[in-house]
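Undergrad: Sharing a structure here in structure tokens format.
The values are calculated or read from the model by the stated rules, or taken from the named source; none is laboratory data. If you're wondering where the values come from, they're calculated on a predicted model, not measured in any experiment. Neighbour counts are summed over all protein chains in view; Cβ atoms, including those assigned to glycine, are modelled from backbone coordinates with ideal geometry.
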Amino acid sequence: MRSIVLALLVSLPLAACHGSVSDSAPRHSATAPVVGTDPGHLGAGTPLTPRTGDELAAFAGGCFWGVEDVFRHVPGVVATAVGYTGGDKPYPTYSEVSSHTTGHAETVLVEFDPKRVSYDTLLNVFFENHDPTQLNRQGPDVGTNYRSEIFTFSPAQAKAAQRAKTRAQKKHDEPVVTQIAPVGRFWKAENYHQQYDERTGTHSCPLPGGVPKGAI
């Protein structure tokens, strides 16, 4: 789990999840820094250097602003960060991911204490707070970067995710299109996006389940 490479992006995008962004974002070299805790983040910090005993999970369910805010309200979640994974371009920018050419999904990386909250509970939160029957979109946000996907860190997580998907299917008439795949390289998004809803006091992205009560 600790071997996952977590790279920091430092460019500042200029618009919202379903808006347009500047194409003038700076390029990054192969020597971009590996990230530790970012002091610019709120709450308990970021999950880029997990504490001993904590575990990681990664979820893509539409605009990552709203998805992150949901998980930050789950007791037992220690920290979160938003970023990009599931694609093949190194050091992707928000603008590039939004062009639907890199293969990345807007993803929330979650550090959690398994003694306080189970992975199964996080899976339930994930499925209850977005529409897993929408293919490559969530509400007005359309594109492969908004797809529903669970990125797993172990075979045990993969099996649990498949069971949760099966449970979710029983609640929907339409097919659940959530993908399940091993997590690859996670690229931490620009600081502008981190804890966006919490920092701005807004709920910018459509989430049918709303925000769970109880703060981390």
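Undergrad: Tell me whether the stretch 140-155 contains one or more residues that are over 17 Å from the mean Cα position of the chain (by Cα) and surrounded by 15 or more Cβ atoms within 10 Å (Cβ to Cβ).
TA: No: the stretch 140-155 contains no residue that is over 17 Å from the mean Cα position of the chain (by Cα) and surrounded by 15 or more Cβ atoms within 10 Å (Cβ to Cβ).
Undergrad: Kindly list the number of the only condition in (1) under 20 Å from T52 (Cα atoms); (2) surrounded by 19 or more Cβ atoms within 10 Å (Cβ to Cβ); (3) modelled with pLDDT of 90 or more that fails for D113.
TA: (2)
Undergrad: Here's something else I'd like to know. Determine whether the stretch 158-167 contains at least one residue that is within 19 Å of the chain's Cα centre (by Cα), in a helix (DSSP H, G or I) and within 17 Å of F64 (Cβ to Cβ).
TA: no
Undergrad: Continuing with the same structure: Give A158, A168, A164 a once-over and let me know the one that is touching a strand residue (DSSP E or B) at 6+ places or on another chain (Cβ under 6 Å) and at pLDDT 95 or above.
TA: On inspection, the qualifying residue turns out to be A158.
Undergrad: Kindly indicate whether E96 is closer than 20 Å to F71 by Cα and acidic (D, E).
TA: No; evaluated as a whole, the condition is false for this residue.
Undergrad: Then there is this: Are any residues in the stretch 63-76 over 11 Å from the mean Cα position of the chain (by Cα), modelled with pLDDT under 90 and not basic (K, R), and if so, which ones?
TA: Selection gives H73 alone.
Undergrad: Right, next: Any residue at all in the stretch 65-73 that's of a type outside the set (K, R) and closer than 19 Å to P182 by Cβ?
TA: no
Undergrad: What about I180, is it at pLDDT below 95 and not in a helix (DSSP H, G or I)?
TA: For I180, the condition - at pLDDT below 95 and not in a helix (DSSP H, G or I) - is not met.
Undergrad: Then there is this: Could we say that T93 is touching a residue at least 24 places away in the same chain (Cβ under 8 Å), more than 16 Å from Y146 (Cβ to Cβ) and among the polar types (S, T, N, Q) here?
TA: yes
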